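Peer 1: Sharing a structure, written as structure tokens. Questions coming.
The values are calculated or read from the model by the stated rules, or taken from the named source; none is laboratory data. If you're wondering where the values come from, they're calculated on a predicted model, not measured in any experiment. Note that we place each Cβ from the backbone using ideal geometry, even for glycine, and neighbour counts take in every protein chain shown. Ligands, DNA and RNA are excluded from the accessible area calculation, which covers all protein heavy atoms including side chains. Shrake-Rupley method; radii C 1.70, N 1.55, O 1.52, S 1.80 Å.
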Amino acid sequence: MAIANNMQNHKTADLTELVGTQLFKQVSMAQVAALLRYCPTLTLMNGDKLIVPGQTVDKVHLLLQGNMQVFEDAPSGKPIGQIRQGECVGLSSFVDRQPCHVSIVSEGICRLLVLDEERLTALLNTPTVVSRNMLFMLMNYLRQKAARAAEPAAAPAATPAPNNHVDALTGLHNQRWLDETLDRLILRAATDRAPLSLVAVDLLDVPGLTAEYGQEMLDMSLCEIAKTLSNSLRPTDLIARHATGRFVIMLPSTSQEDAELVAARIQENVNSKEIVIPGVCVLPPMKVVTGRTLMSAFVSGRKLVDDAFATLEQNRAILLAVMAEPVIEATPEPESPAADLSTLPPEEAADSMDQVLSAVEPLPAAQDDNTAELTAETFSEGAFCIIPTPEPAPAIHAEDEISDSSTVPPEEHHSDPSHLAA
């Protein structure tokens, strides 16, 4: 059985064969005729392989005639599935861009419509229901895949098989469960047009903590941190541990702003909680760093996780750079002690007193109509200054005022009165 590479191009596709297929169900052929006019077709003979394990799919095939079989690995034994006329081939592998893990072989003569990425993208952007049909096919594929995984093994194992969806260290779900669950959440979010956010969590300085506490103590600490993370989430949030050791939290129907609040709450709870290892010790809180991402388009789950990890590493680099900066503290200038004039010699005390008097403002004069009083102000113990109060100016009486300024000559008008001059 050889891989088919016989591509037959037709100038005009037979649109009548597309009516009723899964991809073009309830689609007006007049709206897509221009896009499918030069769409090529592929003819396979009996036993030809369309897809082999490890192959990267860059096209989607629509089966126009015949049937195809799906095998787990090599095309031998009993097939695990069958593709019938009107169904699409390679749609899930085309969407997530991951290598295939099954073999798809023709059963008899088959003819397929070949849709490359450019043509398929143009069909999805047309105002038709092609995108809805594509989502329904992906959901149906995931249900069939889950049903096959739930089938019991042919031969019962002597010992109970371990749970393949649980992380052995922390007890959380592992990456296998994460990949399957995240694909379902992406389909649901795209169908309902609801937001889907992801938060990645990791210890801030893993090498430093490993060197300080050791790998065994760090593993026990991760178990306690996993419990703190689970207790910090809402009932609708889902958490799993990735194969890289990071934690991934899925937030259905959560906007970017709400995801930031969840990440802030997680950091606050973990960074402030001591790590109690029962029967061993109590460790100080270990700081964590988070990375957030929001599903903005119909992407694969692995692409969404990689975006969250990229944001996490950026935040980690920023926090480590801030922690590495030296803290510069300002030193206050020493205050000069006040001089004690009582301990100085008389000559130095007099010079210091003159400097103090030059900097002190004059005191207000004491008001007394009869005599000038002396005001004393003490500057230091045993030293004081006596400041004479100036004599107040004599009052001006009514009879001394000029009644009519217009009758006084200019030279007499600006002269001072005799009693004021005195």
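This table checks each residue for (1) modelled with pLDDT under 80; (2) assigned to a helix (DSSP H, G or I); (3) open to solvent by less than 80 Å² (accessible area, probe 1.4 Å).
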{"site": "Leu312", "(1), (2), (3)": "no, yes, yes"}
{"site": "Arg316", "(1), (2), (3)": "no, yes, yes"}
{"site": "Leu320", "(1), (2), (3)": "no, yes, yes"}
{"site": "Val327", "(1), (2), (3)": "yes, no, no"}
{"site": "Ser336", "(1), (2), (3)": "yes, no, no"}
{"site": "Ser342", "(1), (2), (3)": "yes, yes, yes"}
{"site": "Ala350", "(1), (2), (3)": "yes, yes, yes"}
{"site": "Leu363", "(1), (2), (3)": "yes, no, yes"}
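Peer 1: Out of all the residues in the range 231-252, which are among the polar types (S, T, N, Q) and in contact (Cβ under 8 Å) with a residue 60 or more places away in the chain?
Peer 2: Just the residues of the range 231-252 that are among the polar types (S, T, N, Q), to begin with: 231-232, 236, 244.
The one that is among the polar types (S, T, N, Q) and in contact (Cβ under 8 Å) with a residue 60 or more places away in the chain: Thr244.
Peer 1: Any idea which of (1) more than 24 Å from Phe298 (Cα to Cα); (2) out of contact with any Cys (no Cβ under 8 Å at 6 or more places or on another chain); (3) at pLDDT below 80 is the one Gln82 doesn't satisfy?
Peer 2: The single condition Gln82 does not satisfy is (3).
Peer 1: Sticking with this one: So which of Asp219, Asp192 is open to solvent by 60 Å² or more (accessible area, probe 1.4 Å) and over 22 Å from the mean Cα position of the chain (by Cα)?
Peer 2: Numbers: Asp219 fails: open to solvent by 60 Å² or more (accessible area, probe 1.4 Å).
Answer to the selection: Asp192.
Peer 1: Quick one: in the range 195-216, which of the residues that are among the small types (Gly, Ala, Ser) and in a helix (DSSP H, G or I) is most open to solvent (accessible area, probe 1.4 Å)? Working first, answer last.
Peer 2: At the first step, the residues of the range 195-216 found to be among the small types (Gly, Ala, Ser) are 197, 200, 208, 211, 214.
Still in the list and also in a helix (DSSP H, G or I): 208, 211.
Values: Gly208: 28, Ala211: 88 Å².
That would be Ala211.
Peer 1: Within the range 60-69, identify whether any single residue is hydrophobic (A, V, I, L, M, F, W, C), buried (at least 17 other Cβ atoms within 10 Å of the Cβ), closer than 29 Å to Leu304 by Cα and at pLDDT 80 or above, and answer yes or no. Full working, then the answer.
Peer 2: Step one: of the range 60-69, the residues hydrophobic (A, V, I, L, M, F, W, C) are 60, 62-64, 68.
Going one step further and asking which of them are buried (at least 17 other Cβ atoms within 10 Å of the Cβ), we end up with 60, 62-64, 68.
Next cut, closer than 29 Å to Leu304 by Cα only: 60, 62.
After this cut, where a residue has to be at pLDDT 80 or above as well, the list is 60, 62.
Checking the range 60-69: at least one residue is hydrophobic (A, V, I, L, M, F, W, C), buried (at least 17 other Cβ atoms within 10 Å of the Cβ), closer than 29 Å to Leu304 by Cα and at pLDDT 80 or above.
Peer 1: With the checklist (1) crowded, with 20+ Cβ neighbours inside 10 Å; (2) without any contact (Cβ under 8 Å) to a residue 12 or more places away in the chain in hand, flag the one item Gly301 doesn't pass.
Peer 2: Only one criterion in (1) crowded, with 20+ Cβ neighbours inside 10 Å; (2) without any contact (Cβ under 8 Å) to a residue 12 or more places away in the chain is unmet by Gly301, namely (2).
Peer 1: Just the residues that are surrounded by fewer than 18 Cβ atoms within 10 Å (Cβ to Cβ) and assigned to a strand (DSSP E or B), please, taken from the range 71-89.
Peer 2: Gly81, Gln82
Peer 1: Which numbered condition in (1) in contact (Cβ under 8 Å) with a residue 12 or more places away in the chain; (2) closer than 19 Å to Asp116 by Cβ is the only one that Ala34 fails?
Peer 2: The single condition Ala34 does not satisfy is (1).
Peer 1: Now for a different question. Counting only residues that are more than 15 Å from Ile83 (Cα to Cα) and open to solvent by 50 Å² or more (accessible area, probe 1.4 Å), which one in the range 36-53 is farthest from the chain's Cα centre (by Cα)?
Peer 2: Met45
Peer 1: Being among the β-branched types (Val, Ile, Thr) and at pLDDT 90 or above is the filter; apply it to the range 276-310 and report the residue that is farthest from Glu224 (Cα to Cα). Before the answer, list the steps.
Peer 2: Filtering the range 276-310 for residues among the β-branched types (Val, Ile, Thr) gives 276-277, 280, 282, 288-290, 293, 299, 305.
Keeping just the survivors that are at pLDDT 90 or above gives 288-290, 293, 305.
Numbers: Val288: 13, Val289: 16, Thr290: 18, Thr293: 25, Val305: 23 Å.
Step by step, filter the range 276-310, then rank; the result is Thr293.
Peer 1: Among the candidates Thr228, Thr290, which residue alone is outside any loop (DSSP other than H, G, I, E, B) and in contact (Cβ under 8 Å) with a residue 60 or more places away in the chain? Give the derivation first.
Peer 2: On the way: Thr228 fails: in contact (Cβ under 8 Å) with a residue 60 or more places away in the chain.
Result of the check over Thr228, Thr290: Thr290.
Conditions tested, residue by residue: (1) loosely packed, with under 12 Cβ neighbours inside 10 Å; (2) at pLDDT below 80.
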{"residue": "Asp96", "(1), (2)": "no, yes"}
{"residue": "Val105", "(1), (2)": "no, no"}
{"residue": "Glu117", "(1), (2)": "yes, no"}
{"residue": "Arg143", "(1), (2)": "yes, yes"}
{"residue": "Ala150", "(1), (2)": "yes, yes"}
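Peer 1: Next up: Of all residues in the range 227-275, count the ones that are more than 19 Å from the chain's Cα centre (by Cα), surrounded by 12 or more Cβ atoms within 10 Å (Cβ to Cβ) and over 22 Å from His165 (Cβ atoms).
Peer 2: Residues that pass the stated criteria total 2.
Peer 1: Kindly list, by first and then second residue, each pair from a residue in the range 206-220 that is in contact (Cβ under 8 Å) with a residue 60 or more places away in the chain to a residue that is open to solvent by less than 40 Å² (accessible area, probe 1.4 Å) and not hydroxyl-bearing (Ser, Thr, Tyr), limited to pairs with Cβ atoms under 8 Å and residues at least 6 apart or on different chains.
Peer 2: Matching pairs, first to second residue: Leu209/Leu203; Leu209/Leu218; Leu209/Met286; Tyr213/Leu283; Met217/Ile277; Met217/Leu283; Met220/Ile277.
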